[in-house]
Structures are given as C-alpha cells and as structure tokens.
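Input: a single structure, listed below in structure tokens.
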Amino acid sequence: MECRLGCGACCIAPTISSLGKPANIRCKYLDDGNLCTIFGKPERPQVCSDFKAEFDFCGKTNEEAMANLIYLEKVT
C-alpha cells in the first residue's frame, strides 16, 4: 500500500517516545499539509522510518487511519 500524502495519522495518533511525543498530539515535524519535514533526513527517528503503510493500519481514508492507530495505541 502507498502512503496517502497529507494523511499524517502515523505522526499524530501514536506515541513517538524518541521525540517525546505523546499519543494524539501532532508531531512537531508535521507541516501544515501533514507532511514530515524531516522525511529522509538522518534526524528522523528509526521508528518513523520503519513504519510502513498497510491497509490494516491505514484503512481506506485518513479518518479510518486515525481511528485504527488510536485504537492500536490504546491496546498496546
């Protein structure tokens, strides 16, 4: 599955502990279009680089992605 540009759910819903980012808070590196400003740069955390869009996580819409990732954050 290809990542939906501008979704940003994976940068909002989960905790990103290496950045000190709590769940359900926008990552400080997301721009106004929900694109990562450190994508492809060495300072991007490994957990972000390792995340791959999959239907089970991302669903059919940005809203589904947020709901799925919020749920997974709560149960893990």
Taking placed amide H atoms and a strict 5 Å upper bound, the residues 5 or more places from LYS21 or on another chain that come that close are ILE16
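So which of LYS41/LYS74; LYS21/LYS41; LYS21/LYS60 end up more than 22 Å apart by C-alpha?
Among LYS41/LYS74; LYS21/LYS41; LYS21/LYS60, the Cα-Cα distance tops 22 Å for LYS41/LYS74; LYS21/LYS60.
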MRE, 222 nm, helices only [DSSP H, n ≥ 4, -39500 (n - 2.57), over the chain, to nearest 500]:
-8000 deg cm²/dmol
For the chain, calculate the relative contact order in percent as a whole number, restricting contacts to Cα pairs under 8 Å that are 6 or more residues apart.
37 percent
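Rule-based calculations on the coordinates, nothing more; no lab input. Because the structure is a prediction, the values reported are computed rather than measured.
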